[in-house]
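What follows is a single structure, written as structure tokens, with notes after it.
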Amino acid sequence: MMGGLGVVILDNEFVRAQFPAFSEPSLTGQAFFENAGGSYTCAPVIARLERYYRQRKVQPYGPYEASRLAGEEMDEARQRLAAMMGVATDEVSFGPSTTQNTYVLAQAFRQWMEPGDAIIVTNQDHEANSGPWRRLADEGFELREWRIDPDSGLLDPADLESLLDERVRLVCFPHCSNVVGAINPVVEITALAHAAGAFVCVDGVSYAPHGLPDVGGMGPDIYLFSAYKTYGPHQGIMVMRRELGNLLPNQAHYFNADALYKRFTPAGPDHAQIAASAGMADYIDALAAHHGIEGEADARNAGVHDLMRAHETALLQPLLDYLKDRNSVRLIGPTDAVAKAPTVAVALNRPGAEAAADLAARGIMAGGGDFYAVRPLQSMGVDTEKGVLRLSFVHYTSRAEVDKLLTALDDIL
């Protein structure tokens, strides 16, 4: 769709037509605002998953036709997603979840590091990208915490600089937090860490649903996200850059040590879900084609990323303006939509889960609790027994749904 001055804007009707959930009778009349917990699945993923189970549910990479096609589709998912993120095909691997992938990585670092080495983590993270690294303190490694501002929930890169020295081997931080929502400057932080000789691990779980990132351009050594939050199946996706991947000890079968995309997935992968992940690339390409975005895979992905973010930002600002002016709630994180993913947490004078239940009665699907983000909430003085009400959306959310949310919030607040 063309907006003013010839600017391309996201065709929300076309987008919603790609998601069977929006024509599902059981979901009619309900607006989905718990996307940070997991997104609806796009039609190409569902179609590929069904085709795999119907036609290709055999051991892949064998000499017979069904097996050959199964393996080719698994390879296709890796190739196309890697190209969209600007990295090499074998730098992308799949695992059962991002939490599991992070745990495996922590074991690899435990074996590789020397006594006295240090790792930096933040207290802005979801526990999945923090807990496995923090446990390394029990193994004799030093753990340093890059702390958020207790009022704003933001991380200051200047505070990171004071933590960096020649003993730091790894800096772990979120692209954005699943409750604060602030988008951290990955390029700047990565440059600081690399200048100090440290590697970088970015938890992209809460960012990737808002547009697959240009991992190659941003420069982190590890980038982790979840396919089930990016319109796909329940898999964890990990980018591991070759320089670091070849340094760390192999965590898989010894005979897979030479395959970078197998080194950090000790368990056998879910063949069908990996194959179905190619549907995520189908979806991005369909959006690019519909909106006239051309070029190589990374350029098409970048154009779709920007369309998604522009749509989300336009819908998010009215919600932030509404919440920041209400005395009865505390809005967590930035009030400027440009600086924030559309993941909006508010602390109330009652449990967030209660407020979510009230919204459910008004056709709004939202969540309440701590969302495994106990550390940042505690750091900001939020009562974790009550937790927060979280309202999260993505590019398929419509303006009408945001209006419906605002009306419901008027009722319950």
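The values are calculated or read from the model by the stated rules, or taken from the named source; none is laboratory data. None of these values were measured; they are calculated from a predicted model. Virtual Cβ from ideal backbone geometry, glycine too; neighbours counted across all protein chains shown. The accessibility values were calculated without ligands, DNA or RNA, using every heavy atom of the protein model including side chains. Shrake-Rupley method; radii C 1.70, N 1.55, O 1.52, S 1.80 Å.
From the list A267, A182, pick out the single residue that is hydrophobic (A, V, I, L, M, F, W, C) and at pLDDT below 95. Before the answer, list the steps.
Numbers: A182 fails: at pLDDT below 95.
Just one listed residue meets the conditions, A267.
Condition first: in contact with a helix residue (DSSP H, G or I) (Cβ under 8 Å, 6 or more places away or on another chain), assigned to a helix (DSSP H, G or I) and not polar (S, T, N, Q). Now tell me which residues in the range 161-210 satisfy that.
Residues satisfying the conditions are E161, V186, V187, E188, I189, L192, A193, A208, P209, H210.
Hey, among A47, A43, A31, which residue is in contact (Cβ under 8 Å) with a residue 12 or more places away in the chain and open to solvent by less than 30 Å² (accessible area, probe 1.4 Å)?
The unique qualifying residue is A31.
Quick check on this structure: which one of A70, A108, A36, A77 is in the same structural domain as M365 (by the TED database), open to solvent by less than 30 Å² (accessible area, probe 1.4 Å), not in a loop (DSSP other than H, G, I, E, B) and not β-branched (V, I, T)?
Matching residue, one of A70, A108, A36, A77: A36.
So which residues in the range 324-335 are among the β-branched types (V, I, T) and surrounded by 15 or more Cβ atoms within 10 Å (Cβ to Cβ)?
V329, I332
Pick out the one residue from V338, V394, V344, V374 that is open to solvent by 40 Å² or more (accessible area, probe 1.4 Å), among the hydrophobic types (A, V, I, L, M, F, W, C), under 23 Å from L212 (Cβ atoms) and modelled with pLDDT of 95 or more.
Of V338, V394, V344, V374, the one residue that is open to solvent by 40 Å² or more (accessible area, probe 1.4 Å), among the hydrophobic types (A, V, I, L, M, F, W, C), under 23 Å from L212 (Cβ atoms) and modelled with pLDDT of 95 or more is V338.
Starting from residues that are small (G, A, S) and within 20 Å of A278 (Cα to Cα), keep the ones in the range 211-243 and report whichever is most open to solvent (accessible area, probe 1.4 Å).
The qualifying residue most open to solvent (accessible area, probe 1.4 Å) is G216.
Across the range 246-273, which residue is farthest from the chain's Cα centre (by Cα) among those that are open to solvent by 50 Å² or more (accessible area, probe 1.4 Å) and among the hydroxyl-bearing types (S, T, Y)?
Applying the filter and picking the extreme gives Y254.
Go through Y52, Y64, Y40 for me and flag whichever is aromatic (F, W, Y) and farther than 28 Å from H210 by Cβ.
Exactly one residue qualifies, and that residue is Y64.
Just one of A281, A289 is aliphatic (A, V, I, L, M) and without any contact (Cβ under 8 Å) to a residue 24 or more places away in the chain; which is it?
Answer to the check: A289.
Residues in the range 2-23 that are open to solvent by 80 Å² or more (accessible area, probe 1.4 Å) and either modelled with pLDDT of 95 or more or assigned to a strand (DSSP E or B) (or both): how many?
Total meeting the criteria: 3.
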